1. Based on the mean of other beta carbon atoms within 10 Å per residue, what is the order of A:631-637, A:38-44, A:102-108, A:449-455, most packed first?
2. Return a whole-number percent for the relative contact order of chain A, with Cα pairs under 8 Å and 6 or more residues apart as the contact set.
3. Where does each of A:394-402, A:198-206 land if you order them by average Cβ count within 10 Å, highest first?
4. Okay, helix-only estimate at 222 nm for chain A: each DSSP H run of n ≥ 4 adds -39500 (n - 2.57), divide by all residues, round to 500 deg cm²/dmol; what do you get?
5. In square angstrom, what is the accessible area per residue of chain A with a 1.4 angstrom probe?
6. Using the beta-carbon distance between A:Arg414 and A:Val363 and R0 = 60 Å, what value does 1/(1 + (r/R0)^6) give for FRET efficiency, to the nearest 0.05?
7. Please list, ordered by chain and number, the residues whose modelled amide H lies under 5 Å from the amide H of A:Asn38; skip anything fewer than 5 residues away on the same chain.
8. Kindly identify segment A:498-590 as rounded, prolate or oblate by the Cα gyration tensor criterion: order the square roots of the eigenvalues as a ≥ b ≥ c, call it rounded if a/c is under 1.5, otherwise compare a/b with b/c, prolate if a/b is larger, else oblate.
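The values are calculated or read from the model by the stated rules, or taken from the named source; none is laboratory data. Being a predicted model, the structure only gives us computed values, none of them experimental. Note that we place each Cβ from the backbone using ideal geometry, even for glycine, and neighbour counts take in every protein chain shown. These area figures cover heavy atoms from the full protein model, side chains too; ligands, DNA and RNA do not enter into them. Shrake-Rupley method; radii C 1.70, N 1.55, O 1.52, S 1.80 Å.
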Amino acid sequence: MKIIERMKNINSTKDCCHDENVCLSKEYNKIILVGSPNVGKSALFNALTDSYVTVSNYPGTTVGIAKTTTSIEGKNYEVIDTPGMYSLLSITEEEKISRKIVFSYAKDIIIHVVDAKNIERMLPLTLQLIEANFSVILVLNLMDELDKYKIKINIEKLGKKLKIPVIPTIATKEVGVNELKTAINTYRKLPQKQILLTYSARIEKKIEEVIKLPLKYHQQSLRSIALLLLQDETTEIEFIPVTKTFTSKINIIKTDVENGKSYPFLYEIALARQQKATEITSHTLSQQNSKKTSIVDELNELMINPWTGIPILIVVIYIGLYQIVGKFGAGYAVDFIENIIFKNYINPFFIHTITSLIPWKIVQNLFVGEYGMLTLGVRYAVAIILPIVGTFFFVFAIIEDSGYLPRLAMLIDRVFKKIGLSGRAVIPMVLGLGCSTMATMVTRTLPTKRERIMATILLALAIPCSAQLGVLFTLLVQYPNALMVWGFVIITIFLLVGYLGAKLLPGNPPIFFMEVPPLRLPTFSNIIIKTYARIVWYLKEVLPLFILASFILWVGQIIGLFNLLVWGLSYPIKLLGLPEKTAVAFIFGFFRRDFGAAGLYDMHKAGLFTVNQLTIAIISMTLFPACIAQGLMMVKERGKKMGVAIFIFCITAAFIVGFSTNLTFILFKIHL
Amino acid sequence: MKCKLCGYQFDIKQAVQSCASCPLTKNCPLVRCPNCNYEWPLDSEESNKLVPLTSLKKGEKGKISTICTSQTEYLKKIISMGIMPGMTIEMIRRFPTLLCQIGFSQFALDDEIAKYILVSRIN
């Protein structure tokens with residue numbers, strides 16, 4: 001049972017922190033996987049190491065880097081999976097991370113993974129890596145798709161042309177992995193520098209000039225560094241420390257003496273590389289033309305065409321979110337775990353054990369009291385939130401692996417443009433419906449700072465996470481009117497804030513440009529492993545916070561700080577027209593939105609709310625930032641100032657909107 | 001020569017100067033009026049056939065001739081994704097966003113970036 005083995009290994013694979021160089025160990029030789037998004041780097045990583053990184057049919061799944069140590073034929077290596085990168089000329093933040101890693105470990109083995117059928121488009125990066133004098137192995141992945149398109153690649157000839165090992169693989173089925181391992185262990189670098197590709201005389205001359213400048217960098221990659229400097233602004237190449245004088249010298253080199261304008265290096269160099277790549281592929285690749293439309297193409301068409309695409313989206317939301325996550329996860333599963341398992345077995349057991357172990361009432365309360373770590377912290381996390389988040393991750397894994405998300409991105413691009421985002425932002429947004437913290441991290445894949453800020457704000461404000469959604473739906477499902485008001489208010493706020501943000505934030509409107517991978521049938525084992533990996537991530541992230549929250553509430557209750565806060569909040573809460581006890585749920589809400597929602601759930605069960613009050617409370621709660629973890633992630637991703645500002649903005653907005661809703665209810669005498 | 005929009009008379013050398021910030025002056029089939037910045041193709045057989053990618057109809061194919069923009073960001077984006085002159089590009093869909101195929105890959109892109117990709121139609 002390979003799946004089980006992999007599940008055990010999940011913990012040994014960790015997502016790395018922001019400053020990657022710090023956490024890579026120094027002892028092992030490295031194997032670095034690079035390549036364009038969606039070519040199977042992560043799948044190959046899994047096959048090489050028997051551990052698990054999220055693999056899905058969506059470009060840009062690996063944010064941050066994943067690494068693990070593995071033994072290949074007796075030698076130990078540290079294998080590193082990097083975010084997708086199209087070229088050494090980096091555009092997005094994640095591409096910059098990948099480039100930095102590649103240049104920091106220039107002496108280790110670099111595996112360039114490409115999609116075999118698209119080799120012509122991907123070879124330029126191979127050429128760049130060879131140009132930088134790295135120890136490159138080219139892996140032609142997805143070999144099984146070649147037959148479908150009737151393409152043949154002469155692998156031996158390709159290897160000879162490039163003068164590096166070329167290994168064909170099907171990573172998901174582990175075909176070719178042993179050959180790759182052998183290639184890694186027997187890798188011998190050619191002794192002298194070899195230049196595979198010479199540019200025009202003019203560019204070669206400029207390369208010489210740049211190399212002569214005093215620059216502290218690995219001798220072996222100088223040619224490649226010189227090319228990068230010619231193509232891009234020095235500020236964009238952040239891993240090379242340069243001085244101002246150096247920059248101005250570079251700029252002089254880049255400028256034409258005769259007419260004072262810059263040379264079109266970027267374009268010319270790329271063109272030369274592409275020509276070389278085309279030349280190589282024309283000698284090694286043969287193809288019989290076969291063009292037939294399949295059912296997959298038809299389905300593709302249906303998903304993108306708005307007339308059929310929007311109904312499909314509604315069906316996906318209805319089945320995935322409402323039936324599976326809402327009814328099954330938040331309904332049956334929560335009911336079973338909370339009302340049967342916890343109420344009848346676990347809670348009585350905790351209470352019994354703790355009271356018999358600890359004689360002091362006050363310490364007992366820490367564990368099993370009203371806000372006890374076990375009776376409240378663990379119960380909320382395991383009985384209420386886990387079933388909901390778990391089912392969401394399951395549904396999301398299916399949607400992700402099928403390749404539906406890029407189609408959704410296309411469908412929704414025009415709408416998202418109005419709120420300062422492009423279709424690309426659909427991924428963090430949909431993921432945000434599952435876990436906003438994870439989604440905030442994923443905003444990294446958006447191309448501009450402006451988009452990243454917009455997405456972070458909207459995620460914090462108007463995208464409720466699955467845990468919260470689940471609890472809210474259970475509450476509101478009995479009152480269709482309230483559900484409609486809630487939906488209307490939240491969507492309006494989402495669009496309004498987005499629209500205003502797009503108007504107010506400086507910078508250019510976003511552009512939409514992404515590769516659309518083919519639709520693929522998800523594999524069951526991958527979905528299970530992926531769901532499991534995300535649940536593990538979630539529990540690690542969340543359970544400690546729940547327990548911490550219980551602890552703080554317990555301390556707060558003892559020293560009276562808690563009552564003070566409740567008292568302080570009671571005034572704004574009265575403005576919202578809510579019972580005073582809601583303050584408690586709102587304070588929970590500061591820790592985790594869903595925690596607060598679960599608090600509302602308890603209050604509602606006790607019959608403390610009218611339907612109007614319930615609606616207002618839920619609207620305000622939805623607009624809160626999801627949890628402390630999301631707050632921390634915002635600070636980490638967007639910086640202290642921006643993170644805190646977004647946090648405060650959300651809380652203010654939550655109260656203002658709650659207040660206005662209440663006012664509207666009173667003015668128009670609405671009773672839901 | 002005379003600008004087709006504002007009628008300003010200028011020398012071709014001045015036109016080149018007004019393109020100074022553009023890295024593509026060498027391959028670019030367009031001239032830009034130094035007075036009003038209007039751009040139009042130079043009168044030659046080949047450049048007359050060039051159209052922006054946005055004007056390809058669904059199902060039409062084109063050969064990419066040049067990527068014509070002075071914005072390095074866009075240029076970087078397009079070429080780093082491997083969309084280069086000489087390649088054949090097919091328009092698969094036009095709405096809600098453009099969907100094009102090159103080789104075996106499909107790309108979704110909006111008009112804002114597609115208008116810089118100049119192609120010649122293939123029948």
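1. A:38-44, A:449-455, A:631-637, A:102-108
2. It comes to 12 percent, rounded to a whole number.
3. Working: A:394-402: 21.2, A:198-206: 13.9.
With the highest mean Cβ count within 10 Å placed first, the list reads A:394-402, A:198-206.
4. Numbers: 30 runs with 383 residues, N = 672.
Result for chain A: -18000 deg cm²/dmol, rounded to the nearest 500.
5. Details: 28850 Å² over 672 residues.
Ligands and nucleic acids excluded, the figure is 43 Å² per residue.
6. Numbers: r = 59 Å, r/R0 = 0.98.
About 0.55, to the nearest 0.05.
7. Under 5 Å from the amide H of A:Asn38 lie the amide H atoms of A:Gly60, A:Thr61, each far enough along the sequence or on another chain.
8. On the way: a/c = 3.36, a/b = 1.50, b/c = 2.24.
Oblate.
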